[in-house]
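Since the structure comes first, as structure tokens, the remarks are kept for the end.
The values are calculated or read from the model by the stated rules, or taken from the named source; none is laboratory data. None of these values were measured; they are calculated from a predicted model. Cβ: placed from backbone, ideal geometry, glycine included. Neighbour counts: every protein chain shown.
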Amino acid sequence: MWRVVLSVIFSGSIVGQFFDCHDDPNFEPDEGPLTELQFTWLGALQYIHVKNGTPHYFRVPRVVLISRQFVLSTAVDAAHIPDGYALGNVVFGDYERDEAECKVSIEELAAGVECEPAVLLMPIADVLLHPEYKHFGTKTSIALLKLITTVKSMYMVPACLPFKNFLVGKNGKQTTEKIYHIDFVSDVPRDFLDEEKEVSRLHLLPRELCYLYENPANITRGPKNRMACTTGCGFHSGSPSLVHEHTGHWSIVSLSQGGSPCPDPLRTRRPPSPPRHTLIHPYVPWITAAITGKAVGAFSKDDPFGYVMPRSSIYDLLGHRWVGHWWMGGLRCYDRGESAQDLFKFYHEIFQVKPVTLTYLTYYLEVSSAHETMIICVKVGMPYRLGQPKVWQLDSPEVKVQVPLVTFSNLYKFQIEAWAYNSTESETSSESSSTIESESNEFVPGQGEGEEKPGTGL
């Protein structure tokens, strides 16, 4: 039974759609233009002139890649097409190709050959408008655009869908935490080879401000709890706002509805209405049902994505795989939200090697945790997938990590981090582990013994 469930999880369609999403634990961007390749899931929707084939030069909505074949946009952008134009391509300006697409071998990468990012123009195969937009007159809704084929590069990791309403705290009130807003620097992106992205931090405003400027003629029939207002100005339609979870996942919380540009500070006038955003969390069941073909009522109560993640693994090789540039060691590396509240990162180290000649090197580490804590996840971040890391003795106070590297001659960096939980407080984890152990007849690997010692690179 245990093996059957795991084979479904790792080979089913849920994995390809929602299980692997943007996980970057250490990236905390500052406000302003980005100085490095990041947030490759942000794209743009092009309208193409039906006669001469040129793109629209004044309206370029933003879209977000949420699976390898679907992007998320506002319903207005997908349905209200400018006169004389048709839906064209979805464009990703920082399409990060993997080794297979670049036709570059691991040995060539180790020798210093780089795989430059490219621009991807992907035709649209289908448009799925939310029923509330088509049948109930709700203007501020969402749409799904199905790409003609899947995105092939394994480094193009989609953004995460929210598993809860991040904008409402435990007290039932709006959170006062800042959220990240990601967009292109240019109002109308044209040359995506040189297009940059920028990050801004937003605060939620009281809901009453959203309705002070509401024009009665524009009031929609949708529920008001699906809309939020924030600080800032000059946002473009479809540009996303996100939260960075403590596990490293970047989850979309809203899409901008667009609006007026920032006012001229030299002119005194009535302040414009605050920017409005469509919240994504209420639409997650519909999104997952539309993509996977699974009925909304079939989703698990506590998990909108339709799978239940085991609390811990008793096998040393389950859940060990790549997600983008990160190698995940352990099933609990994929936990998010409430299932990951007991997880904390206690070890993080960056390794750097600069050889003077061709070098073949294998790193071996032993990482020990504090008293009464269990290491349940080890992540290894690499610029390219050089080698296949291994980890042993998970769910124990001490783990062993091996990072083999191919022969290389240039400067090489990678990072390792370890996550653990308090074994005295995580009752749910221990109960789940004992349940799994009782249901399985497999041999349980022995736990690590010996003195505790800090993680070292040998």
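Conditions tested, residue by residue: (1) touching a Phe, Trp or Tyr at 6+ places or on another chain (Cβ under 9 Å); (2) within 27 Å of Glu114 (Cα to Cα).
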residue: Thr359; (1), (2): yes, yes
residue: Val367; (1), (2): yes, no
residue: Val380; (1), (2): yes, yes
residue: Pro383; (1), (2): yes, yes
residue: Pro389; (1), (2): yes, yes
residue: Gln393; (1), (2): no, no
residue: Gln402; (1), (2): yes, yes
residue: Ile416; (1), (2): yes, yes
Original post:
How many of the residues making up the stretch 75-121 are part of a helix (DSSP H, G or I), surrounded by fewer than 16 Cβ atoms within 10 Å (Cβ to Cβ) and free of Cβ contacts under 8 Å to residues at least 40 places away in the same chain?
Top reply: 1
Original post:
Do you know which residues across the stretch 179-200 are surrounded by 19 or more Cβ atoms within 10 Å (Cβ to Cβ) and either assigned to a loop (DSSP other than H, G, I, E, B) or touching a helix residue (DSSP H, G or I) at 6+ places or on another chain (Cβ under 7 Å) (or both)?
Top reply: Pro189, Phe192
Original post:
Which of (1) in a loop (DSSP other than H, G, I, E, B); (2) farther than 21 Å from Gly32 by Cβ; (3) at pLDDT 85 or above does Arg221 not meet, given it meets every other one?
Top reply: (3)
Subject >> Within the stretch 33-57, tally of residues that are in contact with a Leu (Cβ under 6 Å, 6 or more places away or on another chain) and surrounded by fewer than 18 Cβ atoms within 10 Å (Cβ to Cβ) >> reply: 0
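Looking at the stretch 336-381, which of the residues that are among the polar types (S, T, N, Q) and in a strand (DSSP E or B) is nearest to Val243 (Cα to Cα)?
From the stretch 336-381, those among the polar types (S, T, N, Q) are 339, 341, 352, 357, 359, 362, 368-369, 373; that's our starting set.
Now restrict to residues that are in a strand (DSSP E or B): 352, 359, 362, 368, 373.
Details: Gln352: 30, Thr359: 41, Thr362: 36, Ser368: 31, Thr373: 28 Å.
The extreme case among them is Thr373.
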Subject >> Answer from Pro397, Pro454 - the residue that is surrounded by fewer than 18 Cβ atoms within 10 Å (Cβ to Cβ) and either modelled with pLDDT of 75 or more or of a type outside the set (Phe, Trp, Tyr) (or both) >> reply: Pro454
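Conditions tested, residue by residue: (1) assigned to a loop (DSSP other than H, G, I, E, B); (2) modelled with pLDDT under 80; (3) farther than 22 Å from Ser73 by Cβ; (4) not aromatic (Phe, Trp, Tyr).
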| residue | (1), (2), (3), (4) |
| --- | --- |
| Asn225 | no, yes, no, yes |
| Cys229 | no, no, no, yes |
| Phe235 | yes, no, no, no |
| Leu242 | no, no, no, yes |
| Val253 | no, no, no, yes |
| Gly259 | yes, yes, no, yes |
Original post:
Which ones in the stretch 122-145 are crowded, with 16+ Cβ neighbours inside 10 Å, in contact with a helix residue (DSSP H, G or I) (Cβ under 8 Å, 6 or more places away or on another chain) and closer than 25 Å to Thr40 by Cβ?
Top reply: Leu128, Ile142, Ala143, Leu144, Leu145
**OP:** Could you please tell me which pairs satisfy a Cβ distance under 8 Å, a separation of 6+ or placement on different chains, a first residue in the stretch 339-353 that is closer than 12 Å to Ala418 by Cα and of a type in the set (Asp, Glu), and a second residue that is part of a strand (DSSP E or B) and at pLDDT 85 or above?
**Re:** Glu349/Gln415; Glu349/Ile416; Glu349/Glu417
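If you go through the stretch 151-185, how many residues are modelled with pLDDT of 85 or more and more than 22 Å from Asp24 (Cβ to Cβ)?
Going through the stretch 151-185, the residues modelled with pLDDT of 85 or more turn out to be 151-162, 179-185.
Next cut, more than 22 Å from Asp24 (Cβ to Cβ) only: none.
Of the residues in the stretch 151-185, 0 are modelled with pLDDT of 85 or more and more than 22 Å from Asp24 (Cβ to Cβ).
From the list Phe70, Phe39, Phe92, which one is touching a helix residue (DSSP H, G or I) at 6+ places or on another chain (Cβ under 7 Å) and within 27 Å of Val199 (Cβ to Cβ)? Spell out the reasoning first.
On the way: Phe39 fails: touching a helix residue (DSSP H, G or I) at 6+ places or on another chain (Cβ under 7 Å); Phe92 fails: touching a helix residue (DSSP H, G or I) at 6+ places or on another chain (Cβ under 7 Å).
Of the residues listed, the single one that is touching a helix residue (DSSP H, G or I) at 6+ places or on another chain (Cβ under 7 Å) and within 27 Å of Val199 (Cβ to Cβ) is Phe70.
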